[in-house]
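Notes to accompany the following structure.
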Amino acid sequence: GGDRLSLDAEFPATELTDDDREKLWGLAPGSGVEPSLSDLRNRLVPSVLPQFPSGNRLPGGELHMAVLRPEALAGTGEPPRLLRVWPEGAARLDGSSDRDRRQWASFLRHPRVELTVDRPIAAEALAEPGAWVRLFAAVRDDGIRSFRRVELEPGEIAESSPPEHDGAVTYRFRLAETLFDADDGQCRAVAVLLQVRSADAFVPPPVGADAPNLLLDADFAGTGLDKQTLFTIWQGGQPAHWIAELAPRTTDGATLCDGTPGGFVHTAFTVAAP
């Protein structure tokens, strides 16, 4: 246009470092892959893709993204699949019904989240769940103004798994701290955000315990939050804007996987104070 400003192209859609991108930029057309670049594949696809349009409202910028050929993504065998989360998405554990009262009592007795998968997950991922599964308590003040991360203990096998899924395993992640913080002003109920991120970028990643050790297949958008806000919260930051509600979707009867390794699940539920 007439202003002759540079294109606002800022769009970081890989996890390549500045040094990685400088090396790639310097490759001649048709040249082979240098040994020093052989490990870049694990950093080509970010855990959360940014949203178009590109830009940060300033002239200039750098756009980098990757399109992988199907054979580069394919693996032999099937990945472990996420079948169920508990508490279920959009659940209100507050004793308003007999079913809710039982679940509420169970949660208060043993505060936890549970993930059911169709076959076992590697012990390394269960020992360090904070790398790929995180829980956040919403802090309210006429709406949600921030989130407080609630640490989870290492995963353990629950006493029972759904009988309808032969070979499935339910993992229990106990809360290492309370959901209810007096400083948050939450005297009645707390909204809870659960995020599960399955990608090689999160170490140790949630892969199957048995070969070919593919990433957990976990895909479900269970809140009204956009991906950038969710990633900001995941990293310990706070939303740029006041949030009215998490707008959770139920996971009851929902499919929580899409048939490919990796993915991202976010759900939310509410727990009343005892």
**Q.** Proxy reagent accessibility, fewest Cβ within 10 Å first, across SER146, SER106
**A.** SER106, SER146
Q.
Just to check I understand the Karplus step: with θ = phi - 60° and J = 6.51 cos²θ - 1.76 cosθ + 1.60, what whole-Hz values come out for the range 97-108, glycine and proline as x?
A. 9, 4, 5, 5, 5, 5, 5, 4, 4, 5, 5, 5
Q | Under the Karplus curve 6.51 cos²θ - 1.76 cosθ + 1.60, θ = phi - 60°, whole-Hz ³J(HN,Hα) for the range 258-270, x wherever Gly or Pro sits | A | 10, x, 10, x, x, x, 8, 10, 9, 9, 8, 8, 10
Q: Report, by chain and number, residues whose modeled amide H sits under 5 Å from the one on ALA91, excluding near sequence neighbours (fewer than 5 apart, same chain).
A: THR270
Q: Please list the non-local residues whose amide H lies under 5 Å from the amide H of GLY61, H modeled 1.01 Å from N, same-chain partners needing a gap of 5 or more.
A: ALA9
Q) Which far-off residues, 5 or more places away or on another chain, put their amide H under 5 Å from the one on ASP217, with H placed in the peptide plane? A) ARG81, LEU82, GLY262
(Q) Test of understanding: ordering LEU152, LEU58, LEU256, LEU24 by Cβ neighbours within 10 Å, fewest first, what list do you get? (A) LEU58, LEU24, LEU152, LEU256
Q. So what's the Cα pair-distance distribution over the range 108-176, bin width 5 Å, in %?
A. 3, 16, 22, 20, 15, 11, 6, 4, 1, 0
Q.
Quick one: 3J(HN,Hα) in Hz for the range 133-140, Karplus 6.51/-1.76/1.60 with θ = phi - 60°, rounded, Gly and Pro as x.
A. 9, 9, 10, 9, 8, 7, 9, 9
Q | If the convex hull is drawn through the Cα atoms of the range 196-237, its volume per residue in Å³ | A | 78
Q: With a point put 7 Å past each Cα toward its Cβ, work out how far SER106 is from ALA189 in nm, to one decimal.
A: 1.9
Q) What nm value, rounded to one decimal, do you get for the distance between ASP142 and LEU24 when each label is placed 7 Å out toward the C-beta? A) 4.6
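Laboratory data are not the source of any read-out in this text; all were calculated from the coordinates shown. On a predicted model such as this, the values are computed, not experimentally measured, just so you know. Quick reminder, even Gly has a Cβ in these numbers, built from the backbone with ideal geometry, and neighbours come from all protein chains shown.
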